[in-house]
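Scroll down for the structure; my scribbles are underneath it.
The values are calculated or read from the model by the stated rules, or taken from the named source; none is laboratory data. What you are looking at is a predicted structure, and each value in this text was computed from that prediction instead of being measured. Positions of Cβ are backbone-derived with ideal geometry, glycine not excepted, and every protein chain shown enters the neighbour counts. In case anyone asks, the SASA skips ligands and DNA or RNA and just uses the protein heavy atoms, side chains included. Shrake-Rupley method; radii C 1.70, N 1.55, O 1.52, S 1.80 Å.
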Amino acid sequence: MIGSPILTQMPKVGRGLDRRTAREMIAEKLMVLVATNMLRPGDELPGERELANVLHVSRETVRGAIQILAARGIIEVSQGSRSRVADVDLSDVTVTIASPNAIDSYDLEDVHAARLHIELKVVGDAAENIDGETLSKLESLLETQKLAGNDAMRFLICDREFHVAIYRACGNPLLADFVTDLYTYMMDYRRSAMSRPGAIEASYTDHSEIVAALRRRDRDAVVAAFHHHLIRIYETTKDLLAGKEAGEEKQKQKGT
């Protein structure tokens, strides 16, 4: 499990992968979740077993990763309770190529257009290059997503693993990293969107259709399923941003 190519195909965040242990790589994965606001200050981390299942490593590896993050002040560990995300600003941490601050500075329309242009090419290539091990991981992640219930945080941890595994199957690490950066756009809004009734179920249905198409290695079907998924992400994010702007306008009017 620790030798899985999915695990070793981690984004290069500052150091060569060949010098890092599995727990260091998992620590970086968890740190990225905090940096992109998928995990927020005060959030309780899922249990070691759950994280191990999602990240396809042992519980000991997860435990070691949490210890690394605790030593850096990113995770707070206390006896008798779940580990929590500390109140720490990681917005300048490089996720793959850029920091979340850099990605979030772009307009929603531009990011959506970029995703349609580049991501559909990437997932189309993934349909032709995906291997059995990655397909097995995606099937496992679908099962884990079923267990997330209405917990947006837990679902999104699986969601990121799901998307990144597909991106990396395209065979071009640079394109995969670039698309992963686009995926992290406005992640705090994505978490709010996934908290809405029916959002997790709808996303799970999209994911099931994507995996079915990948299993058939049907490029056109994978692209069509991802296109539908990206439109859903765009529309829900746009709706939340519009709500935020309306709320800010109301506050301005109250203050005048």
The stretch 93-135 versus the stretch 219-256: alpha-carbon centroid distance in Å:
18 Å
What residues qualify as long-range amide H neighbours of Ile75, i.e. H under 5 Å apart, gap of 5 or more or another chain, H built at 1.01 Å from N?
Ala70, Ala86
Residue-averaged [θ]222 nm for the chain, counting only DSSP H segments that reach four residues, each worth -39500 (n - 2.57)
-20500 deg cm²/dmol
Simple SL model, points at 7 angstrom along Cα→Cβ for Thr21 and Lys252; separation in nm is 5.3 nm
Most to least accessible of Phe162, Phe178 (protein chains only, probe 1.4 Å):
Phe178, Phe162
7 Å from Cα along Cα→Cβ at both Ser208 and Val77: what's the point-to-point distance in nm?
3.8 nm
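For His112, His117, write out the residues from largest to smallest accessible area, computed with a 1.4 angstrom probe and no ligands counted.
His117, His112
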For the stretch 67-83 and the stretch 31-48, what is the separation of their C-alpha centers, rounded to whole Å?
12 Å
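Tell me, what is the per residue accessible area of the chain in Å², probe radius 1.4 Å?
Details: 12190 Å² over 256 residues.
That works out to 48 Å² per residue.
Work through the residues other than Asn129 whose Cβ is under 12 Å from its Cβ and net out their charges, Lys, Arg +1 and Asp, Glu -1. Don't jump to the answer; show the numbers that get you there.
On the way: positive: Arg168, Arg217, Arg219; negative: Asp125, Glu128, Asp131.
Value of the local net charge: 0.
Within 9 Å, Cβ to Cβ, of Gln145, how many net charges do the neighbouring residues add up to if Lys/Arg are +1 and Asp/Glu are -1? Before the final figure, lay out each step's value.
Working: positive: Lys146, Arg154; negative: Glu143, Asp159.
For residues surrounding Gln145, the net value is 0.
Among residues other than Tyr167 whose Cβ falls under 10 Å from its Cβ, what is the net charge (Lys/Arg +1, Asp/Glu -1)? Kindly include the intermediate steps, with their values, before the conclusion.
On the way: positive: Arg168; negative: Glu119, Asp125, Asp177.
Residues near Tyr167 contribute -2 overall.
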Enumerate lysine pairs in the chain that are 8 or more residues apart or on different chains, then count those whose Cα atoms are under 17 Å apart.
5
Where the accessible area of the chain is counted over protein heavy atoms with a 1.4 Å probe, how much of it, in %, is carbon and sulfur?
50 percent
